[in-house]
Amino acid sequence: MVEIYVPIIGKAYDVYLPPELMVVEVAERVRNAIFRLNPEEEYRLEGASFAMLCRRDNGAKLRAKQSVRECMENGTKLLLF
């Protein structure tokens, strides 16, 4: 379970991520969920690509081709830009 904070809408989500999932897939899945869960925020979300995941503690960008197992652990806090 990780926390993903989305600064553009000021919301955080607790998400279970399968360990074999790649970071690029995480970003895409979370992006799609954000659009479904926040229709009232459509004006803020327009044009947002949400293509980058970073560690919240130090701002380090996660590589798209890394798996969840390689770069995250239970309780990791992330930013989605």
Measure nothing fancy, just the Cα-based angle from helix 23-37's long axis to the longest principal axis of the chain, in degrees from 0 to 90, nearest 10.
30 degrees
Between VAL15 and ARG69, what is the spin-label point distance in nm, taking each point 7 Å from the Cα along the Cα→C-beta axis?
2.0 nm
If R₀ is 22 angstrom, what is the calculated FRET efficiency for the pair MET1 and ARG36, using the beta carbon separation as r and rounding to 0.05?
0.65
Counting only DSSP beta bridges with both residues in the chain, tell me the antiparallel percent, nearest 5.
75 percent
Name the long-range amide H neighbours of GLN66: under 5 Å, sequence gap of 5 or more, or other chain; modelled H, no Pro or chain starts.
VAL23, VAL24
Pop out the ³J(HN,Hα) list for region 58-74 in order, Karplus 6.51 cos²θ - 1.76 cosθ + 1.60 with θ = phi - 60°, rounded to Hz; leave Gly and Pro as x.
9, x, 5, 6, 8, 6, 4, 8, 7, 8, 4, 4, 6, 10, 9, 9, 4
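No value in this document is a laboratory result; all are computed from the given coordinates. Predicted model only: the values in this text are computed from it and were never measured. With ideal geometry, Cβ positions are generated from the backbone for all residues, glycine too; neighbour counts draw on all protein chains shown.
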